[in-house]
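The structure under discussion appears below in the form of C-alpha coordinates.
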Amino acid sequence: MDKIALWGGSGSLGKTLTSALLAKGLGSRIVGRSQSSLEQTFGKVSGVEFQTWNPDDPASIRQAAEGVDTIIYMVGVPYWEFRLHPELMRKTLDGAIAAGVKRLMLIGTLYPFGRPRTARVAEDHPREPHTFKGKMRREQEDIVLSAHAAGKIQTSILRLPDFYGPGVDKSFLWSAFQAAKKGGRAQLIGPIDMPHEFVYLPDAGRTAVDLITHPGAWGTTWNLGGVGVTTMRSMMEEIFRQAGRKPKYVTIGKTMLRVAGLFDRTVRELVEMHYLLTTPVIVDDAKLTALLGDLHKTSYEEGIRATLDAI
(Lines give C-alpha, C1' and ligand atoms only; values in the text may rest on other atoms or scores of the structure.)
Protein backbone atom coordinates (compact mmCIF):
# COMPACT_ATOMS: atom_id res chain seq x y z
CA MET A 1 0.00 0.00 0.00
CA ASP A 2 1.34 3.42 -0.94
CA LYS A 3 2.29 5.75 1.88
CA ILE A 4 1.35 9.40 1.44
CA ALA A 5 3.17 12.20 3.28
CA LEU A 6 1.24 15.38 3.98
CA TRP A 7 4.09 17.88 3.98
CA GLY A 8 3.16 20.85 6.12
CA GLY A 9 -0.07 19.06 6.98
CA SER A 10 -0.68 20.19 10.55
CA GLY A 11 -3.37 22.74 9.57
CA SER A 12 -6.97 22.51 8.45
CA LEU A 13 -6.10 21.25 4.96
CA GLY A 14 -3.91 18.52 6.44
CA LYS A 15 -6.76 17.38 8.69
CA THR A 16 -9.11 17.23 5.72
CA LEU A 17 -6.63 15.30 3.60
CA THR A 18 -6.00 12.85 6.44
CA SER A 19 -9.71 12.06 6.61
CA ALA A 20 -9.90 11.63 2.84
CA LEU A 21 -6.88 9.30 2.82
CA LEU A 22 -8.21 7.17 5.67
CA ALA A 23 -11.54 6.87 3.85
CA LYS A 24 -9.65 5.32 0.94
CA GLY A 25 -7.59 3.03 3.15
CA LEU A 26 -4.35 4.87 2.41
CA GLY A 27 -1.59 5.21 4.98
CA SER A 28 -0.37 8.71 5.72
CA ARG A 29 2.48 10.47 7.44
CA ILE A 30 1.94 14.01 8.68
CA VAL A 31 5.11 16.08 8.42
CA GLY A 32 5.33 19.34 10.35
CA ARG A 33 7.81 21.48 12.22
CA SER A 34 6.36 21.16 15.74
CA GLN A 35 6.21 17.79 17.50
CA SER A 36 3.81 19.11 20.14
CA SER A 37 1.46 20.52 17.51
CA LEU A 38 1.44 17.25 15.59
CA GLU A 39 0.76 15.23 18.74
CA GLN A 40 -2.04 17.57 19.81
CA THR A 41 -3.74 17.43 16.40
CA PHE A 42 -3.15 13.82 15.31
CA GLY A 43 -2.09 11.94 18.44
CA LYS A 44 -5.49 10.26 18.82
CA VAL A 45 -6.02 9.55 15.12
CA SER A 46 -5.45 5.89 14.31
CA GLY A 47 -3.87 4.95 10.98
CA VAL A 48 -1.52 7.91 10.72
CA GLU A 49 2.03 8.62 11.80
CA PHE A 50 3.72 11.97 12.20
CA GLN A 51 7.23 13.28 11.97
CA THR A 52 9.00 16.62 12.25
CA TRP A 53 11.29 18.18 9.67
CA ASN A 54 13.80 21.00 9.66
CA PRO A 55 13.94 22.72 6.24
CA ASP A 56 17.47 23.92 6.96
CA ASP A 57 18.73 20.36 7.52
CA PRO A 58 18.89 18.17 4.37
CA ALA A 59 19.25 15.03 6.49
CA SER A 60 16.05 15.92 8.34
CA ILE A 61 14.16 16.33 5.07
CA ARG A 62 15.40 13.00 3.71
CA GLN A 63 14.51 11.24 6.95
CA ALA A 64 10.97 12.65 6.91
CA ALA A 65 10.57 11.43 3.31
CA GLU A 66 12.00 7.93 3.80
CA GLY A 67 9.55 5.18 2.92
CA VAL A 68 7.10 7.59 1.33
CA ASP A 69 5.70 7.05 -2.17
CA THR A 70 3.84 10.34 -2.68
CA ILE A 71 4.09 13.76 -1.06
CA ILE A 72 1.22 16.24 -0.98
CA TYR A 73 2.97 19.54 -0.34
CA MET A 74 1.09 22.35 1.42
CA VAL A 75 3.77 24.13 3.43
CA GLY A 76 2.67 27.60 4.47
CA VAL A 77 4.77 30.61 5.36
CA PRO A 78 3.88 33.89 7.06
CA TYR A 79 2.20 36.22 4.57
CA TRP A 80 5.14 38.61 4.72
CA GLU A 81 7.71 35.87 3.93
CA PHE A 82 6.59 34.61 0.53
CA ARG A 83 10.22 34.77 -0.60
CA LEU A 84 10.59 31.44 1.24
CA HIS A 85 8.21 29.50 -1.00
CA PRO A 86 10.70 28.73 -3.81
CA GLU A 87 13.50 28.04 -1.33
CA LEU A 88 11.46 25.58 0.75
CA MET A 89 10.11 23.90 -2.36
CA ARG A 90 13.61 23.35 -3.75
CA LYS A 91 14.90 21.93 -0.47
CA THR A 92 11.95 19.59 -0.11
CA LEU A 93 12.25 18.29 -3.66
CA ASP A 94 15.97 17.65 -3.23
CA GLY A 95 15.34 15.67 -0.07
CA ALA A 96 12.40 13.79 -1.55
CA ILE A 97 14.37 12.78 -4.63
CA ALA A 98 17.29 11.65 -2.46
CA ALA A 99 14.88 9.54 -0.39
CA GLY A 100 13.40 7.87 -3.46
CA VAL A 101 9.95 9.48 -3.34
CA LYS A 102 8.14 8.75 -6.59
CA ARG A 103 5.60 11.58 -6.78
CA LEU A 104 4.91 15.06 -5.39
CA MET A 105 1.80 17.17 -5.75
CA LEU A 106 1.84 20.86 -4.84
CA ILE A 107 -1.39 22.35 -3.51
CA GLY A 108 -1.13 25.77 -5.14
CA THR A 109 -3.02 29.03 -5.45
CA LEU A 110 -4.31 31.27 -8.23
CA TYR A 111 -1.66 33.91 -7.54
CA PRO A 112 0.65 32.91 -10.45
CA PHE A 113 -1.99 33.86 -13.03
CA GLY A 114 -2.03 37.53 -12.08
CA ARG A 115 -4.97 39.56 -13.40
CA PRO A 116 -7.33 37.41 -15.46
CA ARG A 117 -7.54 37.93 -19.22
CA THR A 118 -10.63 35.77 -19.62
CA ALA A 119 -13.93 35.35 -17.80
CA ARG A 120 -12.83 31.87 -16.72
CA VAL A 121 -9.23 30.90 -16.20
CA ALA A 122 -8.11 27.51 -17.44
CA GLU A 123 -4.76 25.87 -16.76
CA ASP A 124 -3.24 27.26 -19.96
CA HIS A 125 -4.00 30.88 -19.03
CA PRO A 126 -0.77 32.94 -19.14
CA ARG A 127 1.04 33.13 -15.81
CA GLU A 128 1.85 36.82 -15.61
CA PRO A 129 1.79 37.77 -11.94
CA HIS A 130 2.18 41.46 -11.21
CA THR A 131 2.56 40.98 -7.44
CA PHE A 132 5.56 39.78 -5.46
CA LYS A 133 3.51 36.96 -3.95
CA GLY A 134 2.37 35.84 -7.37
CA LYS A 135 5.94 35.85 -8.67
CA MET A 136 7.12 33.74 -5.74
CA ARG A 137 4.31 31.26 -6.29
CA ARG A 138 5.11 31.09 -10.02
CA GLU A 139 8.76 30.38 -9.22
CA GLN A 140 7.63 27.66 -6.83
CA GLU A 141 5.52 26.11 -9.59
CA ASP A 142 8.42 26.28 -12.04
CA ILE A 143 10.63 24.34 -9.64
CA VAL A 144 7.99 21.63 -9.29
CA LEU A 145 7.34 21.29 -13.02
CA SER A 146 11.05 21.40 -13.92
CA ALA A 147 11.76 18.44 -11.64
CA HIS A 148 9.21 16.40 -13.57
CA ALA A 149 10.54 17.55 -16.96
CA ALA A 150 14.04 16.49 -15.87
CA GLY A 151 12.77 12.99 -15.03
CA LYS A 152 13.78 13.26 -11.37
CA ILE A 153 10.32 12.75 -9.88
CA GLN A 154 6.72 12.81 -11.06
CA THR A 155 5.02 16.06 -10.08
CA SER A 156 1.78 17.97 -10.56
CA ILE A 157 0.02 21.04 -9.19
CA LEU A 158 -3.55 21.41 -7.94
CA ARG A 159 -4.57 25.06 -7.76
CA LEU A 160 -7.36 26.17 -5.43
CA PRO A 161 -9.24 29.47 -5.09
CA ASP A 162 -10.28 30.77 -1.67
CA PHE A 163 -11.63 28.00 0.52
CA TYR A 164 -13.80 27.76 3.60
CA GLY A 165 -15.09 25.08 5.91
CA PRO A 166 -14.84 23.74 9.47
CA GLY A 167 -11.71 25.04 11.16
CA VAL A 168 -10.64 27.30 8.27
CA ASP A 169 -9.92 30.39 10.33
CA LYS A 170 -7.94 32.17 7.58
CA SER A 171 -10.89 32.34 5.20
CA PHE A 172 -12.29 35.71 4.10
CA LEU A 173 -15.57 34.40 5.54
CA TRP A 174 -14.33 33.37 8.98
CA SER A 175 -15.30 36.66 10.63
CA ALA A 176 -18.84 36.25 9.29
CA PHE A 177 -19.06 32.72 10.69
CA GLN A 178 -17.84 33.89 14.09
CA ALA A 179 -20.20 36.86 14.23
CA ALA A 180 -23.19 34.84 13.06
CA LYS A 181 -22.56 32.10 15.60
CA LYS A 182 -21.48 34.11 18.61
CA GLY A 183 -22.85 37.60 17.97
CA GLY A 184 -21.09 40.79 16.97
CA ARG A 185 -20.21 42.40 13.68
CA ALA A 186 -18.43 40.66 10.82
CA GLN A 187 -15.46 42.39 9.23
CA LEU A 188 -15.37 41.82 5.48
CA ILE A 189 -12.83 42.98 2.93
CA GLY A 190 -14.69 44.63 0.06
CA PRO A 191 -15.99 45.07 -2.48
CA ILE A 192 -18.41 42.33 -1.47
CA ASP A 193 -20.67 42.31 -4.54
CA MET A 194 -18.13 41.17 -7.14
CA PRO A 195 -18.28 37.60 -8.54
CA HIS A 196 -16.32 35.20 -6.36
CA GLU A 197 -16.02 31.47 -5.74
CA PHE A 198 -15.11 29.43 -2.71
CA VAL A 199 -14.09 25.78 -2.45
CA TYR A 200 -15.44 23.81 0.49
CA LEU A 201 -12.28 22.41 2.06
CA PRO A 202 -13.44 18.77 2.42
CA ASP A 203 -14.21 18.80 -1.32
CA ALA A 204 -10.64 19.92 -2.01
CA GLY A 205 -9.27 17.13 0.19
CA ARG A 206 -11.34 14.48 -1.51
CA THR A 207 -10.40 15.74 -4.98
CA ALA A 208 -6.68 15.89 -4.14
CA VAL A 209 -6.72 12.28 -2.98
CA ASP A 210 -8.65 11.16 -6.07
CA LEU A 211 -6.09 12.98 -8.20
CA ILE A 212 -2.93 11.50 -6.67
CA THR A 213 -4.33 8.00 -7.12
CA HIS A 214 -4.99 8.57 -10.84
CA PRO A 215 -2.13 7.66 -13.22
CA GLY A 216 -2.97 10.60 -15.47
CA ALA A 217 -2.41 13.19 -12.77
CA TRP A 218 1.28 13.80 -13.28
CA GLY A 219 3.37 16.23 -15.30
CA THR A 220 0.79 18.99 -15.52
CA THR A 221 -1.38 21.46 -13.59
CA TRP A 222 -5.01 21.29 -12.51
CA ASN A 223 -7.61 23.83 -11.40
CA LEU A 224 -10.42 23.12 -8.95
CA GLY A 225 -13.27 25.63 -8.82
CA GLY A 226 -16.10 26.13 -6.37
CA VAL A 227 -19.64 24.82 -6.74
CA GLY A 228 -20.58 28.03 -8.54
CA VAL A 229 -20.02 31.75 -8.76
CA THR A 230 -21.37 33.73 -5.82
CA THR A 231 -20.49 36.95 -3.98
CA MET A 232 -19.09 37.71 -0.56
CA ARG A 233 -22.38 39.41 0.32
CA SER A 234 -24.47 36.38 -0.66
CA MET A 235 -22.28 34.08 1.40
CA MET A 236 -22.38 36.41 4.40
CA GLU A 237 -26.15 36.76 4.26
CA GLU A 238 -26.63 32.99 4.04
CA ILE A 239 -24.29 32.48 6.99
CA PHE A 240 -26.31 34.87 9.16
CA ARG A 241 -29.63 33.47 7.89
CA GLN A 242 -28.71 29.94 8.90
CA ALA A 243 -27.51 31.15 12.28
CA GLY A 244 -30.84 32.92 12.85
CA ARG A 245 -29.33 36.36 13.19
CA LYS A 246 -29.74 39.62 11.32
CA PRO A 247 -26.59 40.39 9.30
CA LYS A 248 -24.22 42.80 11.00
CA TYR A 249 -21.04 43.68 9.18
CA VAL A 250 -18.57 46.35 8.23
CA THR A 251 -16.75 46.45 4.90
CA ILE A 252 -13.08 47.39 4.69
CA GLY A 253 -11.76 48.63 1.34
CA LYS A 254 -8.23 48.99 0.03
CA THR A 255 -7.67 52.40 1.59
CA MET A 256 -8.64 51.15 5.03
CA LEU A 257 -6.43 48.11 4.53
CA ARG A 258 -3.50 50.46 3.98
CA VAL A 259 -4.33 52.35 7.18
CA ALA A 260 -4.84 49.18 9.23
CA GLY A 261 -1.64 47.79 7.74
CA LEU A 262 0.33 50.45 9.59
CA PHE A 263 -0.45 48.50 12.75
CA ASP A 264 -0.86 44.93 11.50
CA ARG A 265 1.77 43.17 9.41
CA THR A 266 -0.56 40.60 7.93
CA VAL A 267 -3.17 43.18 6.91
CA ARG A 268 -0.42 45.24 5.30
CA GLU A 269 0.42 42.30 3.06
CA LEU A 270 -3.19 41.97 1.90
CA VAL A 271 -3.03 45.27 0.03
CA GLU A 272 -1.14 43.96 -3.02
CA MET A 273 -3.54 41.02 -3.37
CA HIS A 274 -6.67 43.21 -3.21
CA TYR A 275 -6.99 42.92 -7.00
CA LEU A 276 -8.44 39.43 -6.45
CA LEU A 277 -11.57 41.13 -5.08
CA THR A 278 -11.90 43.72 -7.84
CA THR A 279 -10.81 41.56 -10.81
CA PRO A 280 -11.61 38.08 -9.48
CA VAL A 281 -10.05 34.94 -10.91
CA ILE A 282 -12.84 32.45 -11.64
CA VAL A 283 -11.36 29.12 -12.68
CA ASP A 284 -12.32 26.64 -15.36
CA ASP A 285 -11.89 23.07 -14.07
CA ALA A 286 -13.18 21.23 -17.15
CA LYS A 287 -9.78 19.57 -17.53
CA LEU A 288 -10.00 18.06 -14.06
CA THR A 289 -13.58 16.95 -14.67
CA ALA A 290 -12.49 15.23 -17.89
CA LEU A 291 -9.90 13.24 -15.92
CA LEU A 292 -11.84 12.35 -12.78
CA GLY A 293 -15.45 12.55 -13.92
CA ASP A 294 -18.02 14.57 -12.00
CA LEU A 295 -16.28 16.37 -9.16
CA HIS A 296 -17.83 16.29 -5.70
CA LYS A 297 -18.87 19.86 -4.91
CA THR A 298 -20.85 20.66 -1.80
CA SER A 299 -23.51 23.34 -2.16
CA TYR A 300 -22.76 26.62 -0.44
CA GLU A 301 -25.83 26.14 1.76
CA GLU A 302 -24.67 22.74 2.96
CA GLY A 303 -21.06 23.85 3.41
CA ILE A 304 -22.14 26.85 5.46
CA ARG A 305 -24.35 24.63 7.63
CA ALA A 306 -21.50 22.22 8.34
CA THR A 307 -19.10 25.05 9.15
CA LEU A 308 -21.53 26.67 11.58
CA ASP A 309 -22.16 23.30 13.24
CA ALA A 310 -18.42 22.85 13.79
CA ILE A 311 -17.98 26.16 15.64
Completion exercise
Those helices (runs of 4 or more DSSP H) completely within the range 178-297 that have 3 or more residues that are closer than 24 Å to Ser12 by Cα are 201-212, 232-243, 265-270
Practice task
With the checklist (1) touching a residue at least 12 places away in the same chain (Cβ under 8 Å); (2) on the phi < 0 side of the Ramachandran plot; (3) assigned by TED's automatic domain parsing to the domain that holds Asp142 in hand, flag the one item Pro215 doesn't pass.
Solution key: (1)
Exercise for the section: Give Ala20, Ala5 a once-over and let me know the one that is buried (at least 23 other Cβ atoms within 10 Å of the Cβ) and not in a loop (DSSP other than H, G, I, E, B). Expected result: Ala5
Completion exercise
Within the range 282-306, restricting to residues that are β-branched (Val, Ile, Thr) and either in contact with a helix residue (DSSP H, G or I) (Cβ under 6 Å, 6 or more places away or on another chain) or modelled with pLDDT under 95 (or both), the one that is nearest to Ile252 (Cα to Cα) is Ile304
Problem - Filtered residues of the range 298-311 (kept if assigned to a loop (DSSP other than H, G, I, E, B) and loosely packed, with under 15 Cβ neighbours inside 10 Å) - result: Ser299, Ile311
Handout entry: For Trp80: the one exception among (1) surrounded by 14 or more Cβ atoms within 10 Å (Cβ to Cβ); (2) within 18 Å of the chain's Cα centre (by Cα)
Key = (1)
Practice task
Considering each of Ala180, Ala260 in turn, give the residue that is at pLDDT below 95, touching a helix residue (DSSP H, G or I) at 6+ places or on another chain (Cβ under 8 Å) and outside the structural domain of Gly27 (by TED's automatic domain parsing).
Solution key: Ala260
Problem - Residue check, Thr231 within 22 Å of Leu270 (Cβ to Cβ), surrounded by fewer than 19 Cβ atoms within 10 Å (Cβ to Cβ) and either without any contact (Cβ under 8 Å) to a residue 24 or more places away in the chain or acidic (Asp, Glu) (or both) - result: no
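The values are calculated or read from the model by the stated rules, or taken from the named source; none is laboratory data. Just so it is clear, the structure is predicted and the values come from calculations on it, not from any experiment. FYI the Cβ positions are ideal-geometry reconstructions off the backbone, even for glycines, and counts take in every protein chain you see.
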